[in-house]
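To keep things clear, I will list the structure first and then write my remarks on it.
The values are calculated or read from the model by the stated rules, or taken from the named source; none is laboratory data. Note that the structure is predicted; figures quoted are calculated from it, not measured. We place every Cβ from the backbone using ideal geometry, glycine too, and count neighbours over all the protein chains shown. Calculation scope for accessible area: heavy atoms of the full protein, side chains included, ligands and nucleic acids excluded. Shrake-Rupley method; radii C 1.70, N 1.55, O 1.52, S 1.80 Å.
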Amino acid sequence: EVIDGQGGTLAPALVELHAHLREPGQTEKEDLASGLAAAAAGGYGTVVCMPNTRPVIDDPATVRALIEKAEGLGFARLKPAAALTRGQKGEALAELSYLKEAGAAMFTDDGLTNEDARVLRLGLEYAGSLGMVVSVHAEDATLRAGGVMNEGPVSEALGLPGNPAAAEAARVARDLEILAGLREQGRSARLHIQHLSTARALDLVREAKARGLPVSCEVCPHHLDLTDEALRSFDAVYKVAPPLRTRADADHLLQGLLDGSVDCLATDHAPHTRAEKERDLLEAPSGIAYIELAFPLMWTRFGERLGLEQLLDLMTAGPCRVMGWPEPSLDAGAPADLVVLDLHTERAVNPAEFKSKAKFTPWQGQTLRGWPLLTVVGGRVAYWRG
Ligand code: NCD
Ligand code: ZN
Ligand code: ZN
């Protein structure tokens, strides 16, 4: 079959290591069909979904059922992350090898408050022996507690409880020391830091990499494009964990993308219902959902500084290197996971058109370019605009 690329740019399909698709159990926020259709519309061919669902994704049967269901949908390919602990309640899981066999892509503590260093150490060691990555939300639970935005002059001016940068740095430092200790004992543990948001935590990761530790990190586009100034609106659409930080943090993270110390971009697509997000800032749940516009956002805002090749690397080969997956390729014979991007046509963000159930976004009405025209997953058309 010949498809007219309409003058677009052909690239490997994007790879998302961090999305909350809310299935099972919270399908009023999102489900596999809406979330994976949204991903395909955003140019993604592969999505790792987080296990903070109801019930938590912590057993092989659920992992298998999700993968099977996603295959039948024909949108982006699903690779579920499994919880590092049973029910994400902090008790070490003995079944990591069965979860791996069932198709779990990684183990994670994302979306909960498991701060037990001993359990993380056990998980890193066990997962590492299986050749698998452990990803961590990396915020100290007691330091972040109660904070609804970044702690600093803006939170003080607004009189809102703050979540300090030290919550992230303290947890990253702790986890890196746990990793270093395991490595000294010859263990093969690998650690991935999710949604890194502060300058200090990035510097800690840089130092750890310089020491040769097997650590990787992701940065989210929202932490590059938005800052704590947005909370002056008191709009919970800007409430996210970790919180939007300062301009200096965002600039430092961008520097990390440019110099290669950040391994990949990830959106942390975290949909909630409109009613939940319209609640008071103190009450509303955290999370920003925008998997459909992540590439256009990055290309429009940072395309000139990053260049197309580096940006695509951060959204395709970069996440694959984190996971130990083969790097995507456009060579003949390689699996056809492809996206055609229109790098030029400007379009206003219209959430009413979103495939995601979360039909609102901080970037509503903003003009972006770089929209996907076509996404092919495993040789099948998963999204075709128009
Ligand atoms: C995530 C969610 O809603 O599940 N929220 C968020 O603000 N990032 C949880 C998470 O990523 O820790
Ligand atoms: Zn998280
Ligand atoms: Zn998350």
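The set of residues in region 42-65 that are part of a helix (DSSP H, G or I), open to solvent by 10 Å² or more (accessible area, probe 1.4 Å) and not basic (Lys, Arg) comprises PRO60, ALA61, THR62, ALA65. Put simply, of LEU96, LEU112 the only residue that is surrounded by fewer than 24 Cβ atoms within 10 Å (Cβ to Cβ) and within 16 Å of ligand 3 (Cβ to nearest atom) is LEU112. Against the numbered list (1) assigned to a loop (DSSP other than H, G, I, E, B); (2) away from ligand 1 (no atom under 16 Å from the Cβ); (3) in contact (Cβ under 8 Å) with a residue 24 or more places away in the chain, ALA332 comes up short only at (3).
Answer yes if at least one residue in region 139-155 is open to solvent by 50 Å² or more (accessible area, probe 1.4 Å), farther than 21 Å from ASP109 by Cα, away from ligand 1 (no atom under 13 Å from the Cβ) and without any contact (Cβ under 8 Å) to a residue 24 or more places away in the chain, and no otherwise. Scanning region 139-155, I find at least one residue that is open to solvent by 50 Å² or more (accessible area, probe 1.4 Å), farther than 21 Å from ASP109 by Cα, away from ligand 1 (no atom under 13 Å from the Cβ) and without any contact (Cβ under 8 Å) to a residue 24 or more places away in the chain, so the answer is yes. Are any residues in region 321-335 buried (at least 18 other Cβ atoms within 10 Å of the Cβ) and farther than 19 Å from GLY256 by Cβ, and if so, which ones? MET323, PRO328 - these are the residues of region 321-335 that are buried (at least 18 other Cβ atoms within 10 Å of the Cβ) and farther than 19 Å from GLY256 by Cβ. Taking the stated definitions as given, is GLY318 modelled with pLDDT of 95 or more and part of a loop (DSSP other than H, G, I, E, B)? Here the answer is no, as GLY318 does not meet what is asked.
For every residue, the table says whether it meets (1) under 22 Å from the mean Cα position of the chain (by Cα); (2) surrounded by fewer than 24 Cβ atoms within 10 Å (Cβ to Cβ).
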| site | (1), (2) |
| --- | --- |
| ALA104 | yes, no |
| LEU122 | no, yes |
| GLU125 | no, yes |
| LEU130 | no, yes |
| ARG200 | yes, yes |
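Considering only region 2-19, I want to know if a residue exists there that is under 21 Å from VAL240 (Cβ atoms), modelled with pLDDT of 95 or more and either in contact with a Phe, Trp or Tyr (Cβ under 6 Å, 6 or more places away or on another chain) or open to solvent by 60 Å² or more (accessible area, probe 1.4 Å) (or both). For region 2-19, residues under 21 Å from VAL240 (Cβ atoms), modelled with pLDDT of 95 or more and either in contact with a Phe, Trp or Tyr (Cβ under 6 Å, 6 or more places away or on another chain) or open to solvent by 60 Å² or more (accessible area, probe 1.4 Å) (or both): present. Within region 249-287, being surrounded by fewer than 16 Cβ atoms within 10 Å (Cβ to Cβ), farther than 28 Å from ARG321 by Cβ and of a type in the set (A, V, I, L, M, F, W, C) holds for ALA275, LEU282.
In region 22-36, the residue that is nearest to TRP371 (Cα to Cα) out of those that are outside any loop (DSSP other than H, G, I, E, B) and open to solvent by 10 Å² or more (accessible area, probe 1.4 Å) is SER34. Under the condition of being closer than 18 Å to ALA336 by Cα and part of a loop (DSSP other than H, G, I, E, B), the residues counted in region 1-21 number 7. Of everything listed in (1) under 22 Å from the mean Cα position of the chain (by Cα); (2) buried (at least 18 other Cβ atoms within 10 Å of the Cβ), the single unmet condition for LEU373 is (1).
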